[in-house]
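Inspection log for the structure reproduced underneath, given as structure tokens.
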Amino acid sequence: MSRRAKVDGSSASGCDRVREALAARGMPVFRLQSLLEVLYRHAAPGLGRSGLAFTAQASELAEILAMRATALSEGIGSLIQADGEAPAPAGNFRAGDEAAELLFVMADLFSLVAGLSMIGSKASDELRRLEDEGSS
């Protein structure tokens, strides 16, 4: 049973229902990255230079989150490895539900990092385009 099904108590996963609803509307699968892309696409025309400059900083945030996620993943991996080698293991992330939930959270984090990187890059590109037009 998926984590979504556990939340709403239904037998079909919430994720499957969302995918079906989005597909029926011709929309992409819902991920944080997709959400940020849609929001940016709608907001970009009204951002202006200062809004674009602010949004361009999302790339830096994405880099920071990626570095923190790397350190966190390494720490969790080391914890699991050390636990498996211990004389009396505590069983950290040995149960399927614990590992699955951790991986779902990590997937959401990576989607967020990708989305932030994407909008930061698009905002930077648009700022450069405006600067090139202004200097012509």
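The values are calculated or read from the model by the stated rules, or taken from the named source; none is laboratory data. Small disclaimer: the values here were computed from a predicted structure and weren't measured. Cβ placement follows ideal geometry from the backbone for every residue including glycine, while neighbour counts extend to all protein chains displayed.
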note = For segment 52-88 the number of residues that are among the β-branched types (Val, Ile, Thr) and in contact with a Phe, Trp or Tyr (Cβ under 9 Å, 6 or more places away or on another chain) is 3
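When only residues in segment 45-92 that are part of a loop (DSSP other than H, G, I, E, B) and farther than 30 Å from residue 117 by Cα count, which is modelled with the highest pLDDT? Even if it seems obvious, please write down each step before you answer.
Let us first name the residues in segment 45-92 that are part of a loop (DSSP other than H, G, I, E, B), namely 47, 57, 86-92.
Then keep just the ones that are farther than 30 Å from residue 117 by Cα; that gives 86-92.
On the way: 86: 78, 87: 83, 88: 79, 89: 74, 90: 73, 91: 72, 92: 71.
Ranking the qualifying residues of segment 45-92, first place goes to 87.
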request  = Would you check if there is a residue in segment 115-128 being without any contact (Cβ under 8 Å) to a residue 60 or more places away in the chain, surrounded by fewer than 12 Cβ atoms within 10 Å (Cβ to Cβ) and within 17 Å of the chain's Cα centre (by Cα)?
outcome  = no
note = Of the residues in segment 50-85, those that are among the charged types (D, E, K, R) and surrounded by 11 or more Cβ atoms within 10 Å (Cβ to Cβ) number 4
request  = Look through segment 100-113, keep the residues that are of a type in the set (A, V, I, L, M) and buried (at least 17 other Cβ atoms within 10 Å of the Cβ), and return whichever of them is farthest from residue 38 (Cα to Cα).
outcome  = 109
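Being out of contact with any helix residue (DSSP H, G or I) (no Cβ under 6 Å at 6 or more places or on another chain) and part of a helix (DSSP H, G or I) is the filter here; which residues of segment 122-136 pass it? Working first, answer last.
Within segment 122-136, the first condition is being out of contact with any helix residue (DSSP H, G or I) (no Cβ under 6 Å at 6 or more places or on another chain), and the residues that meet it are 122, 125, 128-136.
122, 125, 128, 129, 130, 131, 132, 133, 134, 135 - these are the residues of segment 122-136 that are out of contact with any helix residue (DSSP H, G or I) (no Cβ under 6 Å at 6 or more places or on another chain) and part of a helix (DSSP H, G or I).
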query = Mind checking whether some residue in segment 36-44 is part of a helix (DSSP H, G or I), modelled with pLDDT of 90 or more and exposed (fewer than 12 other Cβ atoms within 10 Å of the Cβ)?
reply = yes
message = When you check residue 30 against the structure, is it under 17 Å from the mean Cα position of the chain (by Cα), modelled with pLDDT under 75 and of a type in the set (Phe, Trp, Tyr), yes or no?
response = yes
